[in-house]
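Here is the structure we will look at, set down as structure tokens.
The values are calculated or read from the model by the stated rules, or taken from the named source; none is laboratory data. All of these numbers come straight from a predicted model, not from anything done at the bench. Glycine gets a Cβ as well: all are built from the backbone with ideal geometry, and neighbour counts include every protein chain shown.
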Ligand SMILES: Nc1ncnc2c1ncn2[C@@H]1O[C@H](COP(=O)(O)OP(=O)(O)OP(=O)(O)O)[C@@H](O)[C@H]1O
Ligand SMILES: [Mg+2]
């Protein structure tokens, strides 16, 4: 984010329930604290996870923008934590089947974001379905969340493989969540690294975050308040703040067309 252009990155995983939404929300909280203007796109199309985690109910979503029923500022839902949510809703898949003219109209409306934000975080659903892959090929960077469970590793590998083979994505940032200690987290990363080296040439992986298993997380989920707000000094909160500092140092490659526009163009298949 060390440029005048916004950074667009996803928080993703092959496996469900590994902590993507918690990490997205708390990263948004921490990046806002670091002075960044953040929008969190709830791109989990089946289940509006972000709303549930924050106990908020945004009244409008991206469809109202498309139908002309709302402008971008009406759809963006401010949270009490210094960032806004852009709710996607379950009809998002239909966006891809819009006519070219409709897509460009939508693109114009979404492009207004470019000047007003520093960072768009895309919280994806689980799995390697088309939607997850569309979002992940459209973003500039991908934060892949794994846990010590073996299935998280194999599913994370499957996601990386699909993005490499289907969309030529070669760079991934890895975050290990719910780890008992740093050594275990590093071993998981090494296993993933070895598998990618062995079976998928040319993939580059960096470990950018290790978030410990922390009972505060579940408590905060139940109270519908981000754990970084509930207890900013807790182990998970401190780890997410460290991750946010790393993210805020990421260079943002820029294109003439603007990073936000490129993201939506790619997502809508206009690129
Ligand atoms: N660091 C952690 N320590 C303890 N529990 C955690 C941690 N991170 C996540 N959890 C638990 O895991 C649950 C699932 O988290 P979350 O909803 O963020 O996962 P997800 O990957 O977004 O799931 P989905 O794939 O369904 O979208 C949370 O309700 C929380 O209880
Ligand atoms: Mg989620």
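Of note, residue 128 does not satisfy the criterion of being without any contact (Cβ under 8 Å) to a residue 40 or more places away in the chain and not in a helix (DSSP H, G or I).
At least 1 residues that are touching a residue at least 12 places away in the same chain (Cβ under 8 Å), within 16 Å of ligand 1 (Cβ to nearest atom) and closer than 30 Å to residue 161 by Cβ in each: list the helices (runs of 4 or more DSSP H) lying fully within segment 5-78 that qualify. First the steps, then the outcome.
Details: elements: 20-33, 49-54, 62-66, 72-75.
The helices (runs of 4 or more DSSP H) meeting that bar are 20-33, 49-54.
Among the residues of segment 157-187, those identified as in a loop (DSSP other than H, G, I, E, B) and surrounded by 14 or more Cβ atoms within 10 Å (Cβ to Cβ) are 169, 170. Inspection of segment 82-96 identifies at least one residue that is away from ligand 1 (no atom under 15 Å from the Cβ), out of contact with any helix residue (DSSP H, G or I) (no Cβ under 7 Å at 6 or more places or on another chain) and at pLDDT below 85.
Every listed requirement among (1) more than 16 Å from ligand 2 (Cβ to nearest atom); (2) on the phi > 0 side of the Ramachandran plot; (3) touching a strand residue (DSSP E or B) at 6+ places or on another chain (Cβ under 8 Å) is met by residue 196 save one, (2).
For first residues located in segment 205-219 and without any contact (Cβ under 8 Å) to a residue 12 or more places away in the chain, partners that are surrounded by fewer than 18 Cβ atoms within 10 Å (Cβ to Cβ) and lie 6+ apart or on another chain with Cβ distances below 8 Å form the pairs 219/230.
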